[in-house]
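Taking it in order: structure first as structure tokens, then the write-up.
The values are calculated or read from the model by the stated rules, or taken from the named source; none is laboratory data. From a predicted model like this one, the values you see are computed outputs, not experimental measurements. When we count neighbours, we look across all protein chains shown, and the Cβ atoms used for this are built from the backbone with ideal geometry, even at glycine.
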Amino acid sequence: MAAGADDFHGSRVSGDARLDAITVDIIENLGRSDLTIDVVAERHHVTPRYVRMLFEKKGLTFSEFVLGERLARVHRALIDPSFADRPISDIAFAAGFGDLSYFNRTFRRRYGATPTDVREAARRQNRD
């Protein structure tokens, strides 16, 4: 671990508290195209390796966490009636996806249905 990796603005911060701060940062910046481990590490004054280590302790990688949060954000929007008129591609791009093929493939793998199927099921449920 880099010297000072647990020193956050002059006070000692545990790995769990640091990971909590990093995950909040990621969630707040999901839609940014520059959301990389290097950028996040720099914002928190730690090394990318230290960020990887924090996620590894939770059994995840940085990329897995970001992908999961982005997919969950899109899923929530698809089942929310207030987003019913918004194109799925716009929702995916707003969540940080830059490649619609990748988005559709990973969404289907995660939820076992296409984004369109999820939206339609939510519409049917909301009508009932």
With a cut-off of at least 1 residues that are closer than 30 Å to Asp117 by Cα, name the helices (runs of 4 or more DSSP H) lying wholly within the stretch 28-103. 62-79, 88-94
Please go through the stretch 110-128 and give me each residue that is touching a helix residue (DSSP H, G or I) at 6+ places or on another chain (Cβ under 9 Å) and loosely packed, with under 11 Cβ neighbours inside 10 Å, ordered by number. Gln125
Counted residues in the stretch 61-79 being surrounded by fewer than 17 Cβ atoms within 10 Å (Cβ to Cβ), under 25 Å from Arg127 (Cα atoms) and touching a residue at least 40 places away in the same chain (Cβ under 8 Å) come to 1
Based on what the data block shows, is Val24 modelled with pLDDT of 95 or more, exposed (fewer than 15 other Cβ atoms within 10 Å of the Cβ) and either of a type in the set (A, V, I, L, M, F, W, C) or part of a helix (DSSP H, G or I) (or both)? yes
Tally the residues that are at positive phi and either of a type in the set (Lys, Arg) or under 13 Å from the mean Cα position of the chain (by Cα) (or both), restricting the search to the stretch 63-119. 1
Sort out which residues of the stretch 94-110 are within 22 Å of Asp34 (Cα to Cα) and touching a residue at least 40 places away in the same chain (Cβ under 8 Å), and write them in order of number. Ala94, Ala95, Gly96, Gly98
